[in-house]
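Heads up, the thing below is written out as structure tokens.
Bear in mind that the values in this text are calculations on the coordinates, not laboratory data. These numbers were taken from a predicted model, which means no experiment stands behind them. In this analysis, Cβ positions are derived from the backbone assuming ideal geometry, glycine residues included, and neighbour counts consider all displayed protein chains.
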Ligand SMILES: Nc1ncnc2c1ncn2[C@@H]1O[C@H](COP(=O)(O)OP(=O)(O)OP(=O)(O)O)[C@@H](O)[C@H]1O
Ligand SMILES: [Mg+2]
């Protein structure tokens, strides 16, 4: 624990959280007199040949990203530890907000379209995130979602430092890892798959693929079909369900091909779903027979709550 220590201009005050390869501290920038978050990398990483150079190279890539839904990089340092300095984001992460799952589709889509915007912006610049998950989505004081940790998943791969179990074989947490990432491949569409997992989780309160070990979760990513989200939460409309299932397609070619396409599909699905809830038309899109059956057996959501 480094609280009480100063790294460069940053006086570390208290730990905010711990991940697989770093600890994040609330700190004061003593020159500017403002709160910041300082992410200090595991010491074993800095000791790896070439790691420092890769870290600084990726930091430059991350620093060039300027978007309302991406956590900006303020500074980096390499003495006596490698660290990154970013704004202190006060609202916790979407991981914390999971306590409220299943969330209303409108709220989920608001978060997801903001993340899709950020991903689209990065992808157009050739930057793939590779570790899209609720812990890397921070909630700003004004309610916006900010995607953090661009570039960090990439530098972890190939360090030779024994990776935490959950990071093998490629970066990315197995629950959010696209099938091709399990085999060590990833592109922009792998990020969209991970966003699909997050949306599924927020809408249903459950991960689509789980298991007792990292290996079993990764095997499920490759070989198991997700349970239709409408079966877990009947308030999920057929169009929204169709978008989620498309995002989770095993083959990248069957998914949304760009973040903007996925964002637009989510917005359209929520709009179509609302119309479906209010009237007899229930929207289009592929629907599994069981979830259609289950939906038919439920009373229309608004008729039960509206009194005389
Ligand atoms: N800029 C920030 N402002 C406030 N809290 C932050 C900030 N960055 C990270 N945190 C908190 O610190 C925790 C740890 O972050 P870290 O990125 O090290 O790990 P992680 O994303 O949970 O896991 P992984 O090691 O797989 O990336 C986060 O979950 C978050 O709660
Ligand atoms: Mg993180």
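May I ask you to compute the full-extension gain from residue 35 to residue 250, defined as 0.36 nm times their residue separation minus their alpha-carbon distance, rounded to one decimal in nm?
Taking 0.36 nm per residue and subtracting the Cα distance, the gain is 73.2 nm.
What nm value, rounded to one decimal, do you get for the distance between residue 271 and residue 53 when each label is placed 7 Å out toward the C-beta?
For residue 271 paired with residue 53, the spin-label model returns 5.1 nm.
Which whole-number percentage describes the relative contact order of region 9-87, with Cα contacts under 8 Å and a sequence gap of 6 or more?
Once divided by the residue count of region 9-87, the mean separation gives 24 percent.
Among 246, 60, rank each residue by its count of other Cβ atoms within 10 Å, from fewest to most, as a rough exposure measure.
60, 246
Mind ranking 41-49, 120-128 by how tightly packed they are, going by the mean number of other C-beta atoms within 10 angstrom, highest first?
Highest to lowest by the protection proxy: 120-128, 41-49.
Listed highest first by mean packing, meaning other Cβ atoms within 10 Å per residue, what order do 223-229, 146-152 come in?
By packing density, highest mean first, the sequence is 146-152, 223-229.
Pop the C-beta distance of residue 206 and residue 144 into the FRET formula with R0 = 30 Å and round what comes out to the nearest 0.05.
Using R0 = 30 Å, I get an efficiency of 0.70.
Could you tell me the relative contact order of region 220-274? Use alpha-carbon pairs under 8 Å, at least six residues apart, and round to a whole percent.
36 percent.
At a 10 Å Cβ-Cβ cut-off, how would you order 129, 69, fewest neighbours first?
With the sparsest Cβ surroundings first, the list reads 69, 129.
Rounded to the nearest 0.05, what FRET efficiency do residue 224 and residue 90 have when you use their Cβ-Cβ distance and R0 = 41 Å?
0.60
Under 16 Å from a point placed 7 Å out from the Cα of residue 101 along the Cα-to-Cβ direction: which residues of region 172-209 have their backbone N that close?
173-178, 193-209
Would any residue of region 1-28 have its amide N under 13 Å from a label point 7 Å out along Cα→Cβ of residue 44? List them or say none.
Only 20-22 pass the distance filter.
So if each residue of separation counts as 0.36 nm, and I subtract the Cα-Cα distance between residue 125 and residue 2, what length gain in nm does that give?
Extra length from residue 125 to residue 2 when fully extended: 40.7 nm.
Gain in length, residue 185 to residue 61, computed as 0.36 nm per residue apart minus the alpha-carbon separation, to one decimal in nm?
Answer, rounded to one decimal: 42.6 nm.
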